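One structure below.
The values are calculated or read from the model by the stated rules, or taken from the named source; none is laboratory data. Just so it is clear, the model here is predicted, and its values are computed rather than measured. Positions of Cβ are backbone-derived with ideal geometry, glycine not excepted, and every protein chain shown enters the neighbour counts. Ligands, DNA and RNA are excluded from the accessible area calculation, which covers all protein heavy atoms including side chains. Shrake-Rupley method; radii C 1.70, N 1.55, O 1.52, S 1.80 Å.
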Amino acid sequence: MTNALSKLLETRDWLMADGATGTNLFNMGLMSGDAPELWNVDETAKITTLYKGAAVAGSDIFLTNSFGANASRLKLHGAEGRVHELNKAAAEIGREVADAAGRPVIVAGSVGPTGEIMAPMGSLTHENAVEMFHEQAEGLKAGGADVLWVETISAAEEFIAAAEAFALADMPWCGTMSFDTAGRTMMGLTSADMVKKVGKITHQPLAFGANCGVGASDLLRTVLGFAAAGPTLPIIAKGNAGIPKYHDGHIHYDGTPDLMADYAVLARNCGATIIGGCCGTTPEHLRAMREALETRPKEDAPTLDEITQALGGFSSASDGTDGGGPAASPRRGRRRRA
C-alpha cells in the first residue's frame with residue numbers, strides 16, 4: 001500500500017511524532033471532564049494551534065484531536081450521534097496545518113480505546129467494536145487523514161478489532177498499546193506478546209509500538225522487548241514527559257526538555273523508528289527532542305542500567321518478558337494519555 005507515511009519511512013532513518021494532546025489543551029483552557037473532541041467544532045483556532053505547535057517544533061507526524069471520538073465515549077457527553085462530524089473536523093484542521101507546513105508532515109487520525117471491556121470479560125462484542133472503530137475511521141478518512149493511529153490500547157482483542165475496522169475503511173494504520181502494569185498492558189500482554197499478535201494481523205500496520213504507560217524508562221524497556229522479539233515492522237515509542245505531580249490545582253509532568261531529548265536519542269538507540277512524546281510533552285520538549293535526534297549520532301542499544309541512569313528507575317523489577325511478575329512496588333500509578 002503506497003501512502004504518505006510509508007514513503008517518508010523509506011527516505012528517513014527516524015521520524016519524530018508529536019507530544020501530548022490533553023496536556024496542551026488543558027494549558028489552553030480545557031476543563032477536566034470536558035470532551036476535547038468537541039473543540040474540533042467549537043474551538044477550531046485552538047486545535048489549529050495544537051497541531052501547529054507540533055509541526056513548528058519539528059514533528060513529522062501529528063495525531064488528530066479524536067482520541068475519544070467514538071460512539072461509546074461521546075455518549076458520555078450526549079454526542080454519540082456526532083462521531084463522523086467530529087472526526088472529520090479533527091482531520092480537516094490537521095490537513096490544513098500539514099499542507100501549509102512547507103515539508104512532508106503526516107496527519108495521523110487518533111483512535112483511542114472504546115472505554116468498554118470486550119467479551120467475554122465485558123459486554124462489548126467484537127462486531128460492535130469493529131463498528132465503532134469503522135465509524136470513526138470513515139470520519140477521519142473523509143477529513144483527509146493520511147493514516148489511522150490507534151493508541152493506548154490494553155487488550156489485544158480491541159487492537160485486532162481496530163485493525164479489522166481500518167481494513168473496512170481501506171486505510172493504512174499504526175498502533176500502540178500502553179504497558180502500564182509492571183511492564184505489561186492492563187490486560188496482561190508483554191512486549192513479546194504484542195509482537196506475536198501484530199504478526200498475525202491480516203491488515204498489517206505500517207508501524208507498531210508503545211505509548212503512555214508509567215514513564216520514559218519503562219517505555220524504553222518495552223521498546224527493547226519489542227526489538228528482542230525480532231519484529232519486521234518499524235517500532236513506535238511515545239513516552240510520557242516524566243511523572244505527574246499535583247501543583248496549584250493542576251497536574252504537571254516533571255520531565256524537562258533535556259530529559260526528553262535524552263529519551264528520544266535512547267529510544268532510537270533501543271530500536272525505535274518513530275519517536276514522540278505522550279502525556280506532559282509540549283512543543284518545548286519536542287524542539288529539544290528534534291535537535292537531539294538531528295545532532296547526536298546513533299549508538300548501540302543501551303543497557304537497562306544506562307536507561308535508569310539517564311531517565312530514572314523502572315516501576316517494576318520485571319517487564320514480564322523474562323518470565324518474572326510484578327515483583328517490585330510501582331513508584332507511580334497508571335494513567336491515560338493526557
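Output the residue which, of all residues in the range 182-193 that are surrounded by 21 or more Cβ atoms within 10 Å (Cβ to Cβ) and more than 13 Å from A229 (Cβ to Cβ), is farthest from the chain's Cα centre (by Cα). For the range 182-193, the residue satisfying everything is A182.
L259 fulfils the conditions (1) surrounded by fewer than 22 Cβ atoms within 10 Å (Cβ to Cβ); (2) over 27 Å from V56 (Cβ atoms) except for a single criterion, (2).
Considering the range 64-80, and only residues there that are in contact with a helix residue (DSSP H, G or I) (Cβ under 8 Å, 6 or more places away or on another chain) and not in a helix (DSSP H, G or I), the residue that is most open to solvent (accessible area, probe 1.4 Å) turns out to be F67.
Looking only at the range 8-32, residues that are out of contact with any helix residue (DSSP H, G or I) (no Cβ under 9 Å at 6 or more places or on another chain) and without any contact (Cβ under 8 Å) to a residue 24 or more places away in the chain come to 3 in all.
Residues checked against (1) part of a loop (DSSP other than H, G, I, E, B); (2) surrounded by fewer than 16 Cβ atoms within 10 Å (Cβ to Cβ); (3) at pLDDT below 50:
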{"site": "A310", "(1), (2), (3)": "no, no, no"}
{"site": "G313", "(1), (2), (3)": "yes, yes, no"}
{"site": "G320", "(1), (2), (3)": "yes, no, no"}
{"site": "G323", "(1), (2), (3)": "yes, yes, no"}
{"site": "S329", "(1), (2), (3)": "yes, yes, yes"}
{"site": "R335", "(1), (2), (3)": "yes, no, yes"}
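Considering only residues that are part of a helix (DSSP H, G or I) and polar (S, T, N, Q), look in the range 25-49 and name the one that is farthest from T64 (Cα to Cα). Within the range 25-49, the match that is farthest from T64 (Cα to Cα) is N27.
Residue-wise test of (1) in contact with an Asp or Glu (Cβ under 9 Å, 6 or more places away or on another chain); (2) surrounded by 16 or more Cβ atoms within 10 Å (Cβ to Cβ); (3) at pLDDT 95 or above; (4) among the aromatic types (F, W, Y).
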{"residue": "D254", "(1), (2), (3), (4)": "no, no, no, no"}
{"residue": "A267", "(1), (2), (3), (4)": "no, yes, yes, no"}
{"residue": "A272", "(1), (2), (3), (4)": "no, yes, yes, no"}
{"residue": "E299", "(1), (2), (3), (4)": "no, no, yes, no"}
{"residue": "P302", "(1), (2), (3), (4)": "no, yes, yes, no"}
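Residues in the range 21-43 include at least one that is buried (at least 20 other Cβ atoms within 10 Å of the Cβ) and among the β-branched types (V, I, T).
Taking the condition of a type in the set (D, E), surrounded by fewer than 20 Cβ atoms within 10 Å (Cβ to Cβ) and not in a helix (DSSP H, G or I), does E96 pass?
Here the answer is no, as E96 does not meet what is asked.
Within the range 81-91, the presence of a residue that is in contact with a Pro (Cβ under 9 Å, 6 or more places away or on another chain), at pLDDT 95 or above and open to solvent by 10 Å² or more (accessible area, probe 1.4 Å) is excluded. Quick check on the range 241-248. Is at least one of its residues buried (at least 24 other Cβ atoms within 10 Å of the Cβ), closer than 23 Å to S316 by Cα and not small (G, A, S)? No, the range 241-248 contains no residue that is buried (at least 24 other Cβ atoms within 10 Å of the Cβ), closer than 23 Å to S316 by Cα and not small (G, A, S).
Selection of first residues in the range 139-150 that are at positive phi and of second residues that are open to solvent by less than 10 Å² (accessible area, probe 1.4 Å) and at pLDDT 95 or above, restricted to Cβ pairs under 6 Å at least 6 apart or on distinct chains, gives the following pairs, ordered by first then second residue: G144/A91.
Residue-by-condition table, conditions (1) over 24 Å from E131 (Cβ atoms); (2) open to solvent by less than 10 Å² (accessible area, probe 1.4 Å); (3) in contact with an Asp or Glu (Cβ under 9 Å, 6 or more places away or on another chain):
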position: E157; (1), (2), (3): no, no, no
position: V195; (1), (2), (3): yes, no, no
position: G199; (1), (2), (3): yes, no, no
position: S217; (1), (2), (3): yes, yes, no
